[in-house]
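K.L.:
Sharing a structure with you now.
The values are calculated or read from the model by the stated rules, or taken from the named source; none is laboratory data. Because the structure is a prediction, the values reported are computed rather than measured. Because the Cβ atoms are built from the backbone with ideal geometry, glycine has one as well, and the counts that use them run over all protein chains shown. The accessibility values were calculated without ligands, DNA or RNA, using every heavy atom of the protein model including side chains. Shrake-Rupley method; radii C 1.70, N 1.55, O 1.52, S 1.80 Å.
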Amino acid sequence: MTTTGMTKRAALLAATLALAAGGCGSSSSKSSSSSAAASPATTSTASSGGTRGYGGGASSASTSAAAASAATVSVTAKSSKLGLILAAGPKRKTVYLFESDTGSASSCNGGCASVWPPVTGTAAAGAGAVSADLGTITRSDGTTQVTYKGHPLYFFARDGDAGDSYGEGLKSFGASWYALTPSGKKVDNS
């Protein structure tokens, strides 16, 4: 085999592995989620402690999922261009609710969870968040997702730091996504 042939094969293999590792989600507003979590268990939490970033895409290994569920994530309030909103993790990234979720069940799985990673772990109330409003659910993949006032919480993959809220008001995977206020209400500036 020639060097060019080997280079092309290596590039094809690398691209295939990248696609497999990254999932196959889409951020198109015409996409929809086809699976919903079956009747997840809901628990309240009043723990306090450390922080963690987001994690838990749909392609996480079961050991990674268990580790992500065991970590503590701090939910806090932050001032932003949207007003006072909720954030989570050490980077204080904006958290969102998904209008397609019913009750405290998450309907964002698979490709949706790659674009909108669930906030996973044990919830801890930071400054401005109400501990009694925090809870968790068990997702269909077995990870523990943080809830606020019964809303499962998500990050948006495009948000890179505390100042970002690119997911606000987007329609993606069949419904709209909104940041939340510390009172648990969606921010709707439309």
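K.L.:
Among Ala179, Ala157, which is in a strand (DSSP E or B), at pLDDT 95 or above and in contact with a Gly (Cβ under 9 Å, 6 or more places away or on another chain)?
P.N.:
Ala179
K.L.:
Assess whether Ala113 counts as being buried (at least 21 other Cβ atoms within 10 Å of the Cβ) and either in a strand (DSSP E or B) or within 14 Å of the chain's Cα centre (by Cα) (or both).
P.N.:
Considered against the rule, which asks whether it is buried (at least 21 other Cβ atoms within 10 Å of the Cβ) and either in a strand (DSSP E or B) or within 14 Å of the chain's Cα centre (by Cα) (or both), Ala113 comes out as yes.
K.L.:
Looking only at the range 129-155, count how many residues are in contact with a Lys or Arg (Cβ under 8 Å, 6 or more places away or on another chain), under 14 Å from Thr94 (Cα atoms) and open to solvent by 10 Å² or more (accessible area, probe 1.4 Å).
P.N.:
Matching residues across the range 129-155 total 0.
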